[in-house]
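Enquirer: Let me begin by handing over the structure; questions about it come next.
The values are calculated or read from the model by the stated rules, or taken from the named source; none is laboratory data. Computed from a prediction, not measured in an experiment: that's the story for all the values here. Using ideal geometry, Cβ is built from the backbone for each residue, glycine included, and neighbour counts are taken over all protein chains shown.
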């Protein structure tokens, strides 16, 4: 398996993963964002589209930056090794970005709607006599 075939396999696998994850995030994100924005479906849909565009830009930018391989790929074993490292890197970066996104919106949601839970030290102080 030459370098051109390895590049092609990497592009196909990576693009397929990015599209599959982006579609799933878009579908599930719509419901979450509607909740975050207090039922405002138009705002949730607009923010969801912006996040999906950002996700695809980051994903395909990362795929493009990591496309090149160092050295010559001389066999199938080496090609599979290169592909596994590159796809593993992509999955780690995409997972990290997704977690950061979820943390951001979870914090945003907590600020919008104070719930019954208040962390220790954030409520009014009681003085015991």
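Rundown of residues vs (1) within 20 Å of residue 20 (Cβ to Cβ); (2) modelled with pLDDT of 85 or more; (3) loosely packed, with under 11 Cβ neighbours inside 10 Å; (4) under 18 Å from the mean Cα position of the chain (by Cα), yes/no style:
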position	(1), (2), (3), (4)
34	no, yes, no, no
58	yes, yes, no, yes
79	no, no, no, no
83	yes, yes, no, no
94	yes, no, no, yes
98	yes, no, no, yes
101	yes, no, no, yes
116	no, no, yes, no
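Enquirer: If residue 23 satisfies all but one of (1) within 15 Å of residue 63 (Cα to Cα); (2) under 13 Å from the mean Cα position of the chain (by Cα), what's the number of the condition it fails?
Expert: Every listed condition holds for residue 23 apart from (1).
Enquirer: Are any of the residues in the stretch 38-52 at pLDDT below 85 and out of contact with any strand residue (DSSP E or B) (no Cβ under 7 Å at 6 or more places or on another chain)? Break it down stepwise before answering.
Expert: Filtering the stretch 38-52 for residues at pLDDT below 85 gives 38.
Still in the running and out of contact with any strand residue (DSSP E or B) (no Cβ under 7 Å at 6 or more places or on another chain): 38.
Yes, that holds for at least one residue.
Enquirer: Quick one: in the stretch 36-56, which of the residues that are touching a helix residue (DSSP H, G or I) at 6+ places or on another chain (Cβ under 6 Å) and over 20 Å from residue 111 (Cα atoms) is surrounded by the most Cβ atoms within 10 Å (Cβ to Cβ)?
Expert: 55
Enquirer: Return the total of residues in the stretch 57-77 being assigned to a helix (DSSP H, G or I) and touching a helix residue (DSSP H, G or I) at 6+ places or on another chain (Cβ under 8 Å).
Expert: Total meeting the criteria: 5.
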